[in-house]
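Read the structure below first, then the notes.
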Amino acid sequence: MKPVVLALSRSGEPVAHRVAAALDADVHGREGRVDQADAFFPNALDHARDLFAAGVPIVGVCAAGILIRAVAPLLSDKRVEPPVVAVSDDGSVVVPLLGGHRGANRLAVEISRALEGVAAVTTAGDVALGVALDDPPAGWVLANRDDAKGAMAALLSGDGATVVGEAAWLADLPKGDGLRISASWKAQDTLGPDHLHFAPKQITLGVGCARDCAIDELAELVARTLAEAGIARAAIQSVNTITLKADEAAILALAAELDVPLRVFQADALDAETPRLANPSEVVFAEVGTHGVAEAAALAQAGPDAALLVTKRKTANATCALALASAPLTQLHGRSIGHLCIVGIGPGQATWRTPEVSKMIADADLLVGYGLYIDLLGPLAAGKARSDFPLGGEEDRCRYALEEAAKGKRVALVCSGDAGIYAMGALVFELLDRGPEQMGVSDAARRVEVSCAPGVSALQAAAARAGAPLGHDFCAISLSDLLTPREDIVKRLEAAAEGDFVIAFYNPVSIRRRTLLAEAREILLQHRPANTPVLLASSLGRPEEEIRFRRLEALDVDEVDMLTVVLVGSSQSRLMQRGAGPAMYTPRGYARKIDGDLAG
């Protein structure tokens, strides 16, 4: 993921742009304090925290303390935290603050060279040995990363190392017998703090399988093949297959288990590898358009200088093959299977957006949604391709997102609130479930990986602002009759009223639809007191937010608009007065429990 360069002042703005040019990164500038930037933000601490939560590397042209205060509440696991680098306003000093062994040290050195400044790297291994054992060069991986700390401590205490294998970047380590370091794609035994193993990403795994192949069958075939060939799992760069198999559960599970990318190739690209195949098949060609899948996919990924290391192995329903590249691989060929992330951004403010959602948005190649919702993402959406759709174009929006993901893109479908509550989540799955005759989506779109991330729903946000009105049983009812017959809505109103639920009304009114909310009020008054508290919450989480309390009998439709959530209490809900203002809550029944305990 590309870093974001933060410019907090005019004095540091020129350096920020020099850093961005060196890194091919965007500049995000503080509103009112920076003249030119790719995006602007109002609050430095909030914005840095949002980027960090999303896993975005941060280069701040500012005091180090600002970045420290911003991300401190989120610090937990240094193995997954993104790099954070501070640069002085004049560019003379570059300090990697976090993620030294996840790229921050290298980033600091690169920036310091571009600025002709000094990289203040303090990591012991980098300073004393010129290398960080847990941060190998691109194309390499440390198989037993958890042992690196003990091994580095031994080297710093004076123990030397014996390097077995070809790894030029380890050549300057002090020599000795205290630590054994192996550098090979071959599997090793007895790894530990006294034996580190660096695997070059030279092995590509090609697979194929019958439709609905059992997950265990493919996994066991691959495990057996790797063991027989003596190949380290850490040396596998990717799992590769034909596009038609992009949605096979067994292949998806295999890539997840190996923790490597899954890449797919069109049939013609695989068939171009036929001269290099050990087992070309006319039967396979007749079925899928290429003379081989597993062998061809492994070779297509490994490159023209590669050769098959293990020819096709098979079971009743699965095949696999392994290719050996001539050097560690640092780039991926083919394309990803495509991924649609359905995200709810909450009411809009960044502090109510979950870190998981921010991460999905930061990872996305394309943002799709109602334009206002994408705008609410602020700087997080800066520099990203986006496709805006109007209100009322929901089906077109979801279909477009799926079809774009089918091209191998990572697409984020942006919804307000929670994407699964009166939003696009259900429509996406409905389109995937429809047949071709029902205007569903293409076969390629059906193979897209889909994931959903929760957001703060409007009813949660409204309840939090009010107090605790959802403290007991509640339900949500949409008063829009565009998709739900009016008579069904009335039935649900009557059932909820009789059941004495707290009710959250979504879509309470529109410009043309004004009567159902008044009808709902009259139905509810037949089952609960006239003084039942009602909350009207408008524009939640935005500067124009407004919270109002009313009695049920005084609920006026003209006070409600499309941006208002209406929460109607049950017969047990209460409105109490406090110093900070009214609070609405619905008791759970603890008072009765206490009375019973005392009586007992």
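The values are calculated or read from the model by the stated rules, or taken from the named source; none is laboratory data. Every value quoted in this text rests on a predicted model; they were computed, and no experiment measured them. Here the Cβ is made from the backbone with ideal geometry for all residues, glycine too, and neighbour counts use every protein chain on show.
Things worth noting here:
- Against the list (1) closer than 21 Å to residue 254 by Cα; (2) surrounded by 14 or more Cβ atoms within 10 Å (Cβ to Cβ), the condition residue 227 fails is (2).
- Complete set of residues in region 313-328 that are surrounded by fewer than 22 Cβ atoms within 10 Å (Cβ to Cβ) and either acidic (Asp, Glu) or over 11 Å from residue 221 (Cβ atoms) (or both): 324, 326, 327, 328
- Test: residue in region 349-365 that is within 30 Å of residue 272 (Cβ to Cβ) and either modelled with pLDDT under 95 or within 16 Å of the chain's Cα centre (by Cα) (or both): yes
- Scanning region 137-177 for residues that are of a type in the set (S, T, N, Q) and either modelled with pLDDT of 85 or more or surrounded by 14 or more Cβ atoms within 10 Å (Cβ to Cβ) (or both) gives 144, 162.
- Only a single item in (1) in contact with a strand residue (DSSP E or B) (Cβ under 6 Å, 6 or more places away or on another chain); (2) more than 26 Å from residue 376 (Cβ to Cβ) is not met by residue 38, and it is number (2).
Rundown of residues vs (1) of a type outside the set (Ser, Thr, Tyr); (2) assigned by TED's automatic domain parsing to the domain that holds residue 541; (3) touching a residue at least 24 places away in the same chain (Cβ under 8 Å); (4) over 24 Å from residue 585 (Cβ atoms), yes/no style:
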residue	(1), (2), (3), (4)
451	no, no, yes, yes
464	yes, yes, no, no
469	yes, yes, yes, no
479	yes, yes, yes, yes
492	yes, yes, no, yes
509	yes, yes, yes, yes
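- Residue within region 107-114 that is under 22 Å from residue 357 (Cβ atoms), in a helix (DSSP H, G or I) and under 25 Å from the mean Cα position of the chain (by Cα) present: no
- If the condition is being more than 19 Å from residue 538 (Cα to Cα) and in a loop (DSSP other than H, G, I, E, B), then region 463-511 contributes 471, 472, 473, 481, 482, 483, 484, 485, 500, 501.
- Of everything listed in (1) surrounded by fewer than 16 Cβ atoms within 10 Å (Cβ to Cβ); (2) not assigned by TED's automatic domain parsing to the domain that holds residue 533, the single unmet condition for residue 413 is (1).
- Within region 561-584, the residues that satisfy the criterion of being closer than 17 Å to residue 476 by Cα and either modelled with pLDDT of 90 or more or in contact with a Leu (Cβ under 9 Å, 6 or more places away or on another chain) (or both) are 563, 564, 565, 566, 567, 568, 569, 570, 571, 573.
- Filtered residues of region 184-197 (kept if out of contact with any helix residue (DSSP H, G or I) (no Cβ under 6 Å at 6 or more places or on another chain) and closer than 18 Å to residue 149 by Cα): 190, 191, 194, 195, 197
- Tally, over region 380-412, of residues that are over 17 Å from the mean Cα position of the chain (by Cα), over 22 Å from residue 246 (Cβ atoms) and touching a residue at least 24 places away in the same chain (Cβ under 8 Å): 4
- Extreme residue, farthest from the chain's Cα centre (by Cα), among residues of region 546-564 that are touching a residue at least 40 places away in the same chain (Cβ under 8 Å) and outside any strand (DSSP E or B): 557
- The listed residues are 464, 504, 495, and the only one of them that is out of contact with any strand residue (DSSP E or B) (no Cβ under 6 Å at 6 or more places or on another chain) and at pLDDT 95 or above turns out to be 495.
- Of the criteria (1) of a type in the set (Val, Ile, Thr); (2) within 24 Å of the chain's Cα centre (by Cα); (3) buried (at least 17 other Cβ atoms within 10 Å of the Cβ), which one residue 80 fails: (3)
- All of 353, 386, 434 fail the test of being of a type in the set (D, E, K, R) and surrounded by 24 or more Cβ atoms within 10 Å (Cβ to Cβ), apart from 353.
- Counted as qualifying within region 1-105 are the strands (runs of 3 or more DSSP E) with 2 or more residues that are closer than 20 Å to residue 360 by Cβ, namely 26-30, 39-41.
- If you go through region 203-221 and keep only what is part of a loop (DSSP other than H, G, I, E, B) and acidic (Asp, Glu), you end up with just 212.
- One residue stands out among those in region 37-69 that are in contact with a Leu (Cβ under 8 Å, 6 or more places away or on another chain) and of a type in the set (D, E, K, R): the one that is farthest from residue 357 (Cα to Cα), which is 69.
- When region 206-219 is limited to residues that are of a type in the set (D, E, K, R) and without any contact (Cβ under 8 Å) to a residue 60 or more places away in the chain, the one that is farthest from residue 335 (Cα to Cα) turns out to be 216.
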